[in-house]
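One structure below.
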Amino acid sequence: MKATIDGKRYNTENCEKLASFDHSNNGNYSGSSTLMKAKDETYLVKTTSNGQDLYLHDSLTVCDCPTTWLENVELDDDEEKRLIELGLIKEV
């Protein structure tokens, strides 16, 4: 997915995927959202919809607070390690 945000052209093919979660509507999968890091250190959220939810649409937006976005997201070990390296979460 490509998008121009604040005069900058982003391409998710060139971004690092950090974490994601699935959306559901009435118990049915309706799409996913992924936190990504662009080459210019901007954090982005890519959302893809399968059309099952009228309120969920494909989009690419800047994530102003990735720490908050990550709350309640289930992470695998590799995602957790990378997010700790980036300082977005802390292991306690």
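Looking only at residues that are under 12 Å from the mean Cα position of the chain (by Cα) and at pLDDT 95 or above in the range 1-32, which one is farthest from GLU80 (Cα to Cα)?
Among those residues, the one meeting the criterion is THR12.
Condition first: touching a Pro at 6+ places or on another chain (Cβ under 9 Å), under 17 Å from MET1 (Cα atoms) and β-branched (Val, Ile, Thr). Can you find one or more residues in the range 44-62 that meet it?
Yes, the range 44-62 contains a residue that is touching a Pro at 6+ places or on another chain (Cβ under 9 Å), under 17 Å from MET1 (Cα atoms) and β-branched (Val, Ile, Thr).
Can you pull out the strands (runs of 3 or more DSSP E) entirely within the range 1-89 that have at least 1 residues that are basic (Lys, Arg) and surrounded by 11 or more Cβ atoms within 10 Å (Cβ to Cβ)?
By residue number, 8-11, 16-25, 28-37, 43-49.
The values are calculated or read from the model by the stated rules, or taken from the named source; none is laboratory data. Not measured: the values here are computed from a predicted model. Please note: Cβ atoms are built from the backbone with ideal geometry, for glycine as well, and neighbour counts cover all protein chains shown.
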